[in-house]
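J.: I'd like to ask some things about the structure below.
The values are calculated or read from the model by the stated rules, or taken from the named source; none is laboratory data. Model, not experiment: these values are computed from the prediction. Every residue, glycine among them, receives a Cβ derived from its backbone with ideal geometry; neighbour counts consider all protein chains shown. Side chains included, ligands, DNA and RNA excluded: accessible areas come from the protein's heavy atoms. Shrake-Rupley method; radii C 1.70, N 1.55, O 1.52, S 1.80 Å.
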Amino acid sequence: MATHNNMNNDDLRSLLGTSNMENEMIVNKDNYNENKELGPNYLLGDQEHIDKTTKVSWILVITTISTSLGCSIPAGYNTGVVNAPAEVLKQWCNETIMHRYAVQFSSAQLDGLWSILVSIFLIGGIIGGVAGGKLANVFGRKGTLQLIYLINLVSGILFFSSKSLASVELFFIARLLSGLSAGLTMAMVPMYLLELSPANKSGLFGVMFTVGLNFGVVLSQFLGLGNILGNESSWHYLFSLYGGWVLLALPTLKFIPESPKYLYTVRNEHSKALSELSNLRGKPISDIRWELENLLVSPERWTLRKVISEPSSRKAIIITCIVMLGQQLSGINAVFYYSTSIFRNAGMSTAGAQYGNLSTGVINFIVTILSTTFIDNFGRKTLLLFSSTICVFMLTALMTSMILSSIGTIPGISYLLILFVIGYVLFYGFGLGPIPFFIGSELTDVGPRPIIMSAMSVANWSGNFLVGLAFPFVNLVLKQYSFLPFIVFTVFLIIFTWKVVPETKQSFGQQSADSE
């Protein structure tokens, strides 16, 4: 990673910015080794022409909608769907096992079985994250998307069939497959959308993945309410509903393109890459050739060992994983876990507390949508620092209020708890929520990008799994101080971001380059 201090105009041409700029040149191995010292980003001379003419095409819009319906929304939906109908599903598991195997589970055994059914989704996510990078290069970006659609359809069918066939085993397999799909989605979709997007809109399309993810979570929370689908007679519709969105997305597959940068740099299919890019941009090849013909191509295949051995890609994978782990260890899942009890303590009924919990998810979703309007106007590093700092303040205030609430009755303290929960979720959505999902793609080049995004996905699911496993024990031991570890982790993330993370937002008049 190059530094940005004391640079003149000539130095700017070797500035390490973002890979949004994607102008590479084909060179031999010796030239590649020389030029990679400059970092993955280079400037084009005719940038003014580029910025004025690169627009969002209808094909890119269709592709974004398709990946949302077929990948991002199902991933978020399956992440949040198990919470509301948990007791209904436990009862079904107990009755099914009793009927099929004549075995009566104790309460502890039933809780253990349910923990397995919940956590196997996270295990699938880790497996999908590990496999995502390899599949993205072997089958291509579009081929891997088709595989995700297929897995989502199969898992949806298995969820629906598990009730009528009275099979906990089918439910288990469906959870594993849906987790696998979610892991692949997280590794693939942000990278794919960034590779297709115009350079000056990369932040917008990076956030679109998170918009779909959060919408899926909120929708599952809403439909999972007991008076809608989260009940004994309708839960199988609840768990399989996302399969219908995948069916809606299937006809769009003939329109969505393969990544031109993947075709050009990984497959060396230059003519096909230019043709795909021409269709994607809606312009003749002569007007868009600049996006590909200057790409820096390595004659070597990228592996995890190669990514780690190269200084620039090694730094990118470390930053990507730490930022994603920082997001997962910032306390967002714990806040959602606590929000229902906080709302009940404020005087709400159980149903009211559930709607209050749902409202926090809605706020997170709305803020994520709003972030698409300004994400490209502010630096990624700036937003990440701002969001993380306010989240530390909100968590500290929430923990302090919980402590004060536990030692005596202070008028209005319960309403302050609600305020701090909403404040945390609100500012989380400004930067700490969406940016870790796509910053890895902006830090690196086309070649190492799938591996780095796979590492990001694994970091996400591992962090999620760690919080889910450890938080009940942390809460039991620390009680009102249970948010303290999350505050410490987020403070570390702020320091790490400030000291180590480079700004990846492209400035006006600057375009970034991918190299492989």
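J.: Of the listed peptides 489-498, 419-428, what is their order by residue-averaged count of other C-beta atoms within 10 Å, with the highest listed first?
T.: Values: 489-498: 18.3, 419-428: 21.5.
The densest-packed peptide leads the list: 419-428, 489-498.
J.: With θ taken as phi - 60° and the coefficients 6.51, -1.76 and 1.60, list the Karplus ³J(HN,Hα) couplings across the range 491-504 in order, rounded to whole Hz; mark glycine and proline as x.
T.: Per-residue couplings from phi come out as 4, 4, 4, 4, 5, 4, 4, 4, 8, 10, 6, x, 6, 10 Hz.
J.: Tell me, what is the percent relative contact order of the range 271-384, built from C-alpha pairs under 8 Å that lie six or more residues apart?
T.: Values: 33 pairs, mean separation 11.8, N = 114.
It rounds to 10 percent for the range 271-384.
J.: Return the long-range amide H neighbours of SER259 (sequence gap of 5 or more, or a different chain), with a cut-off of under 5 Å between placed amide H atoms.
T.: Correct list: ARG141, LYS142.
J.: OK, next. For a quick protection proxy, order the peptides 328-339, 368-379, 92-103, 389-400 by their average other-Cβ count within 10 Å, most packed first. All intermediate terms of the calculation are to be shown ahead of the outcome.
T.: Numbers: 328-339: 21.8, 368-379: 16.7, 92-103: 13.8, 389-400: 20.1.
So the peptides 328-339, 368-379, 92-103, 389-400, ranked by packing, come out 328-339, 389-400, 368-379, 92-103.
J.: In the structure displayed, which of LYS201/LYS261; LYS272/LYS381; LYS283/LYS306; LYS55/LYS261; LYS142/LYS315; LYS142/LYS272 lie more than 26 Å apart, Cα to Cα? Can you show the working numbers first?
T.: Working: LYS201/LYS261 16 Å; LYS272/LYS381 36 Å; LYS283/LYS306 36 Å; LYS55/LYS261 17 Å; LYS142/LYS315 28 Å; LYS142/LYS272 14 Å.
Flagged as over cut-off: LYS272/LYS381; LYS283/LYS306; LYS142/LYS315.
J.: Okay, next question. When only the heavy atoms of the protein chains count and the probe is 1.4 Å, how do VAL467, VAL217 rank by accessible area, highest first? Walk me through the numbers before you get to the answer.
T.: Working: VAL467 15, VAL217 40 Å².
If we order VAL467, VAL217 from most to least accessible, we get VAL217, VAL467.
J.: Over the range 92-200, what percent of the accessible surface lies on carbon and sulfur atoms, probe 1.4 Å? Intermediate results must be reported in sequence, preceding the final value.
T.: Working: 2850 of 4010 Å².
Ligands and nucleic acids excluded, carbon and sulfur give 71 percent.
J.: Under the definition of Cα pairs under 8 Å and six or more residues apart, what whole-number percent is the relative contact order of the range 98-219?
T.: Working: 107 pairs, mean separation 38.8, N = 122.
With pairs under 8 Å counted, the relative contact order is 32 percent.
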